[in-house]
Amino acid sequence: MLAELACFEQKCRASFPITETIYNCPKCGGLLEASFLEDRVEPQALKQLWRERRASNLALDQSGVWRYRELLPFDGYHRQAVSLREGDTPLLDAPRAAEYGGLNRIAFKHQGFNPTGSFKDNGMTCGVTQAVRLGRRRVACVSTGNTSASMAAYASAAGLDPIVFIPRGNISYGKLAQALEYGARTLQIDANFDQILALVRVLAERAGIYLLNSINPFRIEGQKTIIFELLDQRDWNPPDWIVLPGGNLGNTSAFGKALRELRRFGFITKMPRLAVIQAEGAAPFYEFMHGAGEFRSVTEPRTLATAIRIGDPVSWPKALYEVRESNGVVEKVSEQEIADAKAIIGRCGIGCEPASAATLAGIRKLTRSSTIRPDENVVAVLTGNVLKDPDYIYQYHTGQLKDPDGRPIEPRFGNQPVVVPNDPDAIAKILEG
Ligand code: F0G
């Protein structure tokens, strides 16, 4: 659809051409969003078209992002889309997790099924396509791991030059390995995510870099399709709640925008409530929502869920707006709660990375406080694949996992590997026990 860039600040709303390379409003410094210039959308016809595309062999129709291209700001340019068949992620029922979370039923929308194993692919296919549209050769991001893995893959697929900036020693090996394998120049810095993002924003202009962090509005556009697809899979029946982890809060912004657009264009009438879950040691958005004062960043964010180890989330003003619009809530969970919830998701045969498990841990807290009722319809979004962080898994199950303060995390649902002798009698005896 035809679109422009608009300042997200409701007082400003200055607008700019969709092909301008800007990340903040040049007038007031506010965040930017893609804003549609058309209102003529026929929801029934589009619902049918999108369903038909699932049976098509066209690459763009098979993508769970570009299938919904009518609600993306690429107006014809989608033919040049850089796609790795992202999206198309399943909705999985998980009775055991539902019971643990205090619910009658739960469904996980598992973004870990994406080509590079996280929800970042939904956004990156659009971000990199915009880089190509703008004729940019060099792209970069700061990342706790998943964004860099995704950007490296999409940029290399498009023949661009990817540069990733990561906090040294604070991303999982699975993610670092992906960035290397997909051919990104990988720069490790002794600083945290927030400090490196500030640095790269200064560097961007000087080094001719196109920035692909979630401050880039085209990333947010792609991530909207997680919600489009989720509702499509539910025959457009909105759940009561959509639960997701919160780090830099790009995904919260994307989900809220998707829901607002679907309501505005008549695809849905009921708005699901968003529940954003943060890790206790990196919970500036939670503290802000539960206090009366100004937004305060956390200088030294700490959590083993390294994906959401972010103390100064750039998208908080958008997230605030979206949580309010959806009558949503923000919760925080401890390291032990994340670790246990993660093991439960694993026992459902599903698995996910630590940040994703914050969802189930948060749901358990929210049902206990009667914020979510057991009979409500809940979808939790698992943001990353179980294999992203195998060290964490091994340490949890063998009782070696320690929180950032060095306190042991109890393996309440631990599953120790057992060393057995090379002897059938001895093994049979052990298996009987
Ligand atoms: N879950 C996972 C697995 C993530 O990788 C991230 C963010 C989040 C949740 C939080 O999403 O930032 O939109 O609130 N990872 C980023 C990265 C920051 O660099 O890969 P958010």
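Can you give me the P(r) profile for segment 205-336? Cα pairs, bins 10 angstrom wide beginning at 0, each as a whole percent.
Spelled out per bin, shortest first, that is 13, 41, 32, 13, 2.
With all pairs of different alpha carbon atoms counted, what Kirkwood hydrodynamic radius in Å does segment 77-177 show?
Taking the inverse mean of 1/r over all distinct Cα pairs, segment 77-177 comes out at 15.0 Å.
Pick from P408, P313, P374: which is most flexible by mean-square fluctuation in a GNM of the chain where alpha carbon atoms under 10 Å apart are linked?
Among P408, P313, P374, the largest mean-square fluctuation in the Gaussian network model of the chain belongs to P408.
What is the packing order of peptides 347-353, 256-262, taking the mean over residues of other C-beta atoms within 10 Å and listing the highest first?
Result, highest mean first: 256-262, 347-353.
Report the residue, chosen from Y182, Y210, Y77, that carries the largest GNM mean-square fluctuation when the chain is represented by alpha-carbon nodes joined by springs under 10 Å.
Evaluated over the chain, the most mobile residue of the options is Y77.
Under a point-charge model restricted to the Cβ atoms of Lys and Arg (+1) and Asp and Glu (-1), what is the dipole moment magnitude of the chain relative to its Cα centre, in debye to the nearest 20?
700
Quick one: plug the Kirkwood hydrodynamic radius of segment 190-262 (C-alpha pairs) into Stokes-Einstein at 10 °C, 1.306 mPa s, and report D in µm²/s.
112
For the ranges 398-407, 320-329, what's the packing order if you count other beta-carbon atoms within 10 Å of each residue, average per peptide, and put the highest first?
Sorting 398-407, 320-329 by mean packing, highest first, produces 320-329, 398-407.
Among G112, G159, G311, which one shows the biggest mean-square fluctuation in a GNM of the chain, springs joining Cα atoms closer than 10 Å?
In the Gaussian network model the winner is G159.
Counting just the Cα atoms, what span does segment 347-433 cover along each of its three principal axes? Round to the nearest Å and put the largest first.
53, 34, 24
Can you tell which of M289, T186, A45 lies farthest toward the positive end of the dipole of the chain, using +1 and -1 charges on the Cβ of basic and acidic side chains (Lys, Arg; Asp, Glu)?
A45
Going by Cα centres, segment 164-180 and segment 54-78 are how many Å apart?
So the two Cα centres are separated by 31 Å.
Return, for the Cα atoms of the chain, the radius of gyration and Dmax in Å, separated by a comma.
Rg, Dmax (Cα atoms, Å): 21.3, 77.
Given G346, V243, F267, which one lies farthest toward the positive end of the charge dipole of the chain, if we put +1 on the Cβ of every Lys and Arg and -1 on the Cβ of every Asp and Glu?
It is F267, whose Cα lies furthest towards the positive end.
Quick one: if the Förster radius is 45 Å, what FRET efficiency do N422 and L203 give, using the C-beta to C-beta distance and rounding to 0.05?
0.20
Beyond 22 Å between alpha-carbons counts as too far, so tell me which of K11/K120; K47/K318; K120/K270; K332/K402; K120/K318 fall in that bin.
As for pairs spanning more than 22 Å Cα to Cα, those are K11/K120; K47/K318; K120/K270.
Values quoted throughout were computed directly from the atomic coordinates according to the rules given, and no laboratory measurement underlies them. If you're wondering where the values come from, they're calculated on a predicted model, not measured in any experiment. Cβ: placed from backbone, ideal geometry, glycine included. Neighbour counts: every protein chain shown.
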